[in-house]
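Read the structure below first, then the notes.
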Amino acid sequence: MSVSDVMSRRLITADVSETADRLAERMAAGRVGCIIITSDTHPVGIVTERDLVVKVVSRNIKPSAAKAEELMSRPLITIGPDKSVELASREMIRHRIRRLPVIQGKKLVGLVTDSDLLVISSELSNILRDLIRQNNPQGEFSDRDESGTRPEQFRQGICEVCNSFQEELVNVDGTYVCNRCRDELPFFQ
């Protein structure tokens, strides 16, 4: 799956000369957590809600006096729309960022966030679970034993509560769950 499949195309940009108070107003109006900062229409940085709190509010700086150029994180770490979501995830982890602007040529075309990747991760887990069941009806990943009943313990598969792949699942009232879900959810205790 490519970045272009999951990225948001709804973007808010601001010039490097924009003040923090205007950035905050635009973020609130757009209901977004970041603004891509541009210089001569080219993306050069990003300002997030956290940047406003850490670099303006916590330092008691007057928002109308702080410019985007002073607040933005740079260099801007980007990815191409044709790159895989796996690569996007790795880049976000490696750089410890939650938002990754998508650039095609020199043009800003989208934004992929950690939330976007979490959504598809859950969907991919469901697809993986279905593929495992379809291709291994009585194999190592089968959810039925030789008698046709669901065993109490299952070596590995997809947790039916959190949809994540786990090395060990337990059958609780006909539902396979990982130990974490079994321990954390009250209806499984």
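The values are calculated or read from the model by the stated rules, or taken from the named source; none is laboratory data. Since the structure is predicted, the reported quantities are computational estimates derived from the model, not experimental observations. When we count neighbours, we look across all protein chains shown, and the Cβ atoms used for this are built from the backbone with ideal geometry, even at glycine.
Working only within the stretch 46-92, note down all residues that are of a type outside the set (Gly, Ala, Ser) and over 22 Å from Leu11 (Cα atoms).
Val54, Lys55, Val56, Val57, Arg59, Asn60, Ile61, Lys62, Pro63, Glu86, Arg90
So which residues in the stretch 2-25 are modelled with pLDDT under 95 and either among the basic types (Lys, Arg) or in contact with a Phe, Trp or Tyr (Cβ under 9 Å, 6 or more places away or on another chain) (or both)?
Answer for the stretch 2-25, where residues must be modelled with pLDDT under 95 and either among the basic types (Lys, Arg) or in contact with a Phe, Trp or Tyr (Cβ under 9 Å, 6 or more places away or on another chain) (or both): Arg9, Arg10.
Within the bounds of the stretch 75-91, is there any residue that is more than 17 Å from the chain's Cα centre (by Cα) and farther than 14 Å from Ile103 by Cα?
No.
Looking only at residues that are β-branched (Val, Ile, Thr) and in contact with a helix residue (DSSP H, G or I) (Cβ under 7 Å, 6 or more places away or on another chain) in the stretch 83-110, which one is surrounded by the fewest Cβ atoms within 10 Å (Cβ to Cβ)?
Of everything passing the filter in the stretch 83-110, Val85 is surrounded by the fewest Cβ atoms within 10 Å (Cβ to Cβ).
Can you tell me how many residues in the stretch 27-50 are without any contact (Cβ under 8 Å) to a residue 40 or more places away in the chain and surrounded by 20 or more Cβ atoms within 10 Å (Cβ to Cβ)?
Number of matching residues: 4.
For the subset of the stretch 90-122 comprising residues that are among the charged types (D, E, K, R) and assigned to a strand (DSSP E or B), which member is nearest to Asn163 (Cα to Cα)?
Arg99
Of all residues in the stretch 5-16 being under 14 Å from the mean Cα position of the chain (by Cα) and not aliphatic (A, V, I, L, M), which is nearest to Thr78 (Cα to Cα)?
Among residues in the stretch 5-16 that are under 14 Å from the mean Cα position of the chain (by Cα) and not aliphatic (A, V, I, L, M), the one nearest to Thr78 (Cα to Cα) is Ser8.
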